[in-house]
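Participant: First, the structure itself, so that you have it in front of you.
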Amino acid sequence: MGSIVDAANKEVNGTASEKRPAVIFVLGGPGSGKGTQCAYIVEYFGYTHLSAGDLLRAEIKSGSENGTMIQNMIKEGKIVPSEVTIKLLQKAIQENGNDKFLIDGFPRNEENRAAFEKVTGIEPKFVLFFDCPEEEMERRLLGRNQGREDDNIETIRKRFKVFLESSLPVIQYYEAKGKVRKIHAAKPIEDVLQEVKAVFSPEAEKVEA
Ligand SMILES: Nc1ncnc2c1ncn2[C@@H]1O[C@H](COP(=O)(O)OP(=O)(O)OP(=O)(O)O)[C@@H](O)[C@H]1O
Ligand SMILES: Nc1ccn([C@@H]2O[C@H](COP(=O)(O)O)[C@@H](O)[C@H]2O)c(=O)n1
Ligand SMILES: [Mg+2]
């Protein structure tokens, strides 16, 4: 049975504290391999993968009133206002029966971070950070071939700039709280996966708790 505080939280945040899911933020530069490794974490450790970028791209396709604005921001490598992205994330979390989520590509800036915490009351368990040199990320993005409108050299350079200026400070914020688990991502997929698996091993998870 939920307490009055939980009920009040539910009214404010839409999620009762006792039901708040476990969240891991998955961050790293464009093309660092976040989506690739998240697919394995889903398979091996039972998390649900929510990519903020995928949710925004689906919103464009759905013909929503925000579609054109989102499409323009993505083409320019800019960060969509938190209100829009957080609503999509909240809906995806609420519609899913799981209690543990990988949130990939979010928070992208301080505004994303503070708004998510305020609206949902959720603090991440930890932040999985894929650290990869730009040169390697650029090579991967130019070879991705998934028809993404932002995988062209002009937009890629803008995305790198946004990552350095707006997203790295978020990682530094969590680093200061001892919450960052850094992965050396400039290695073959299988080698990166070994590092990722070590973070999710039962022993490592015990330390998180
Ligand atoms: N360790 C790796 N070595 C070589 N190629 C990789 C590696 N990890 C992922 N890739 C490839 O690099 C490309 C980008 O990977 P992925 O989509 O997982 O990156 P991402 O971090 O999710 O990028 P974005 O931020 O743009 O969504 C894909 O084509 C993927 O197959
Ligand atoms: N929190 C976010 C996440 C993404 N975007 C926009 O989507 C683009 C693609 O994101 P990926 O994670 O799939 O690479 C990104 O460049 C932003 O334009 C966002 O605004 N906010
Ligand atoms: Mg991705």
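The values are calculated or read from the model by the stated rules, or taken from the named source; none is laboratory data. Remember, predicted model here, so these are calculated numbers, not experimental data. Positions of Cβ are backbone-derived with ideal geometry, glycine not excepted, and every protein chain shown enters the neighbour counts.
Participant: When the residues of segment 91-116 are filtered to those that are charged (D, E, K, R) and within 14 Å of ligand 2 (Cβ to nearest atom), which remaining residue is nearest to Cys38 (Cα to Cα)?
Facilitator: Within segment 91-116, the match that is nearest to Cys38 (Cα to Cα) is Asp104.
Participant: Also: Mind listing whichever residues of segment 134-163 are of a type in the set (Phe, Trp, Tyr) and farther than 19 Å from Ala186 by Cα? If you could, list the steps in order and put the result at the bottom.
Facilitator: If we filter segment 134-163 for residues that are of a type in the set (Phe, Trp, Tyr), which is where we start, we get 160, 163.
Answer for segment 134-163, where residues must be of a type in the set (Phe, Trp, Tyr) and farther than 19 Å from Ala186 by Cα: there is none.
Participant: In addition: Kindly check whether there is at least one residue in segment 126-133 that is surrounded by fewer than 17 Cβ atoms within 10 Å (Cβ to Cβ) and either over 26 Å from Ala22 (Cα atoms) or touching a residue at least 24 places away in the same chain (Cβ under 8 Å) (or both).
Facilitator: Our first condition is that a residue be surrounded by fewer than 17 Cβ atoms within 10 Å (Cβ to Cβ); within segment 126-133, this holds for 131, 133.
Filter once more, keeping what is either over 26 Å from Ala22 (Cα atoms) or touching a residue at least 24 places away in the same chain (Cβ under 8 Å) (or both): 131, 133.
Taking every residue of segment 126-133 in turn, at least one turns out to be surrounded by fewer than 17 Cβ atoms within 10 Å (Cβ to Cβ) and either over 26 Å from Ala22 (Cα atoms) or touching a residue at least 24 places away in the same chain (Cβ under 8 Å) (or both).
Participant: Yes or no: Ile183 surrounded by 15 or more Cβ atoms within 10 Å (Cβ to Cβ) and at negative phi? Spell out the reasoning first.
Facilitator: Working: surrounded by 15 or more Cβ atoms within 10 Å (Cβ to Cβ): yes; at negative phi: yes.
So Ile183 passes the test.
Participant: In addition: Quick check: anything in segment 99-106 farther than 28 Å from Met73 by Cβ, surrounded by 12 or more Cβ atoms within 10 Å (Cβ to Cβ) and either in contact with an Asp or Glu (Cβ under 7 Å, 6 or more places away or on another chain) or modelled with pLDDT of 95 or more (or both)?
Facilitator: yes
Participant: Right, here's the next one. Would you tally the residues in segment 74-87 being more than 16 Å from ligand 3 (Cβ to nearest atom) and under 20 Å from Phe160 (Cα atoms)? Before you say what the answer is, go through the steps one by one.
Facilitator: Initial filter on segment 74-87 (more than 16 Å from ligand 3 (Cβ to nearest atom)): 75-76, 78, 81-84, 86-87.
Next, only the ones that are under 20 Å from Phe160 (Cα atoms) stay: 75-76, 78, 81-82.
The qualifying residues number 5.
Participant: Continuing with the same structure: Out of Glu149, Glu138, report the one residue that is farther than 24 Å from Ala115 by Cβ and either loosely packed, with under 12 Cβ neighbours inside 10 Å or without any contact (Cβ under 8 Å) to a residue 12 or more places away in the chain (or both). First the steps, then the outcome.
Facilitator: Numbers: Glu138 fails: either loosely packed, with under 12 Cβ neighbours inside 10 Å or without any contact (Cβ under 8 Å) to a residue 12 or more places away in the chain (or both).
From the options Glu149, Glu138, the qualifying one is Glu149.
Participant: Quick one: in segment 160-180, of everything that is under 16 Å from Cys132 (Cβ atoms) and under 14 Å from the mean Cα position of the chain (by Cα), which residue is surrounded by the most Cβ atoms within 10 Å (Cβ to Cβ)?
Facilitator: Ser167
Participant: Right, next: Go through (1) assigned to a helix (DSSP H, G or I); (2) out of contact with any strand residue (DSSP E or B) (no Cβ under 6 Å at 6 or more places or on another chain) for Asn145 and report which single condition fails.
Facilitator: Only one criterion in (1) assigned to a helix (DSSP H, G or I); (2) out of contact with any strand residue (DSSP E or B) (no Cβ under 6 Å at 6 or more places or on another chain) is unmet by Asn145, namely (1).
Participant: Moving on. Scan segment 41-55 for residues that are in contact with a Leu (Cβ under 7 Å, 6 or more places away or on another chain) and closer than 19 Å to Arg148 by Cβ and jot them down.
Facilitator: Within segment 41-55, His49, Leu50, Ala52, Leu55 qualify.
Participant: Restricting to segment 130-148, count the residues that are touching a Lys or Arg at 6+ places or on another chain (Cβ under 6 Å) and either more than 14 Å from ligand 3 (Cβ to nearest atom) or of a type in the set (Val, Ile, Thr) (or both). Before you say what the answer is, go through the steps one by one.
Facilitator: Within segment 130-148, the first condition is being touching a Lys or Arg at 6+ places or on another chain (Cβ under 6 Å), and the residues that meet it are 130-131.
So of that shortlist, the ones also either more than 14 Å from ligand 3 (Cβ to nearest atom) or of a type in the set (Val, Ile, Thr) (or both) come out as 131.
Counting residues in segment 130-148 that are touching a Lys or Arg at 6+ places or on another chain (Cβ under 6 Å) and either more than 14 Å from ligand 3 (Cβ to nearest atom) or of a type in the set (Val, Ile, Thr) (or both) gives 1.
Participant: Given the condition over 30 Å from Asp150 (Cβ atoms), surrounded by fewer than 17 Cβ atoms within 10 Å (Cβ to Cβ), modelled with pLDDT of 95 or more and away from ligand 2 (no atom under 16 Å from the Cβ), answer yes or no: does some residue in segment 5-16 qualify?
Facilitator: No: segment 5-16 contains no residue that is over 30 Å from Asp150 (Cβ atoms), surrounded by fewer than 17 Cβ atoms within 10 Å (Cβ to Cβ), modelled with pLDDT of 95 or more and away from ligand 2 (no atom under 16 Å from the Cβ).
Participant: Can Val119 be described as closer than 16 Å to Ala22 by Cα, aliphatic (A, V, I, L, M), over 13 Å from the mean Cα position of the chain (by Cα) and modelled with pLDDT of 95 or more?
Facilitator: On the way: closer than 16 Å to Ala22 by Cα: yes; aliphatic (A, V, I, L, M): yes; over 13 Å from the mean Cα position of the chain (by Cα): yes; modelled with pLDDT of 95 or more: yes.
In short, yes.
Participant: Oh, and also: Can you pull out the residues in segment 46-80 that are part of a helix (DSSP H, G or I), in contact with a strand residue (DSSP E or B) (Cβ under 8 Å, 6 or more places away or on another chain) and among the aliphatic types (A, V, I, L, M)?
Facilitator: Listed by number, the list holds a single entry, Ala52.
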